[in-house]
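Since the structure comes first, as structure tokens, the remarks are kept for the end.
What follows is calculated from the coordinates using simple rules that are stated; it is not laboratory data. It should be emphasised that the depicted structure is a prediction, and the values quoted were computed from it without experimental measurement. Don't worry about glycine lacking a Cβ; one is built from the backbone with ideal geometry, like all the others, and counts go over all protein chains shown.
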Amino acid sequence: MIEKSNCNLKIANNALWGKLLPFAVLSVGIVCIVKGLFSPDLDCRALVIALFAIALRLLRVEIRPRGAQETLSLSIWHAAMFAGAITLGPYVAALPAVFCGSSRLIFGPKVDMALHDALYMILKPAAACAASSMIYVALGGNLLRPQGVDSMIPILAAGLAYVVITALTSQRNPAMSRAYFADWAICLSIGCALATLSAIAPTYALITPCIAAGFAVLALREPKQKAAPDPVKQQQEATSNELDTFVDSMTGLANERYLTQFLQRELARSTRSDVPLSIALFDIDDAKTLGGRSQELLDNSIIELGNRLKNGVREYDLVARHSAHRLLVVLPEASAEDAYEVIIRLHCEATSSPVDGHPLSASVGIASFPEDGGDIQELINSAHRILNHGRFNDLNCVHINHKLAETG
């Protein structure tokens, strides 16, 4: 008996159409400028595959076989980039990958990101596409007819190279599970189909529906009508805005603004009463790997970690969201030794069960007042330093200064 699978197709962002058309027009303009000024022989298929890469990056496909606990989140934008690798040549193949990485920065969730992380997000897929395309060409693959029999072995070699390069350039190698290999098999198969389609169909026949759909959505969009102000609704919105000032919208935990006020108050009380205070900084170990495969999985991991920590602390402790994938626990009246025992228990409970079929791994750094810092910034910086120092030796562990000193 064959069981059916549930397949969910989701839009990565609800307010996309206001950005999608300008970004598509900008992409077309960049390709035309590159083609006209720098490379007159640039294949117009680069434009088609770039648009495919942008469109597929905005979609999230999830497949869950009936009766299975693990959900397969397909990274289908790899299909368009692999299609470019086997049809565009080593240098041009990097262009759709750059557009795909850029679209992830534009349409993804708004988070603070360092410049090197942004460059890594854009240049990593470009390097993988260029390298796999070189292998495809070196083995005799046909750029004009990827569907030919003589291109089968080069396609298999290029696909293997693409998977290996992508895995090795990840900041942490993903777990080699059946879902991982199934994801790649499906994505590369779709990429071969896209390569064949772009090689057979005329370019204008593929671009015209994309542009027409964008203009149709904009033309058919109903104008917003201004309704008369509702006093009750205005009062509710005002109350909601006051709560949003101190609550993180995604996790429901305290945000960094409330965290700062809470720490100021507790540090002042600890100074007056001469009692200790400790903080623990929790960081998802494989956050960038999870975010690259499924942003929803990363969000669910952060939300679930926050819920588990909140259920395990005392009433007067605080669990807050400190940054994109870091949570901070404040333990008033807790010395370093007391905090270490509490956080060991919390960490064990929080990471004992998976989230959406994936193991939850988090490293922790503990800092205490006044030993590790005399004010808020010093204390948080110490927790960051202890966390980063300890992570070099062990992931998914709780780290504290005196333990690090004992291990050297």
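Summary table below
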{"quantity": "Burial ordering of Y258, Y136, fewest other beta-carbon atoms within 10 Å first", "calculated": "Y258, Y136"}
{"quantity": "Area projected by the alpha carbon convex hull of the stretch 235-407, averaged over all directions, nm²", "calculated": "10.7 nm²"}
{"quantity": "Per-residue ³J(HN,Hα) for the stretch 390-395, Karplus 6.51 cos²θ - 1.76 cosθ + 1.60, θ = phi - 60°, Hz, x for Gly and Pro", "calculated": "x, 5, 4, 8, 9, 8"}
{"quantity": "For F99, F246, order by how many other beta-carbon atoms lie within 10 Å, fewest first", "calculated": "F246, F99"}
{"quantity": "For the stretch 307-398, average projected area of the Cα convex hull in nm²", "calculated": "6.2 nm²"}
{"quantity": "Amide H contacts under 5 Å for S278, placed H, 5+ residues apart", "calculated": "L331, E333, A334, F369"}
{"quantity": "Student exercise, the stretch 235-407 dipole from Lys, Arg, Asp, Glu Cβ charges, in Debye to nearest 20", "calculated": "160 debye"}
{"quantity": "Sites D274 and T169, calculated FRET efficiency, Cβ-Cβ separation with R0 35 Å, nearest 0.05", "calculated": "0.10"}
{"quantity": "Residues F369, F181 arranged by fewest to most Cβ contacts within 10 Å", "calculated": "F181, F369"}
{"quantity": "Cα lying deepest toward the dipole's positive end in the stretch 235-407, options L387, V342, P354, charges on Cβ", "calculated": "L387"}
{"quantity": "Within the stretch 249-315, GluC sites (Glu not before Pro) in DSSP loop having at most 11 other beta-carbon neighbours inside 10 Å", "calculated": "E315"}
{"quantity": "Compactness of the stretch 244-331, expressed as Rg and Dmax over alpha-carbon positions, Å", "calculated": "14.2, 49"}
{"quantity": "For the stretch 306-348 and the stretch 122-143, distance of Cα centres in Å", "calculated": "47 Å"}
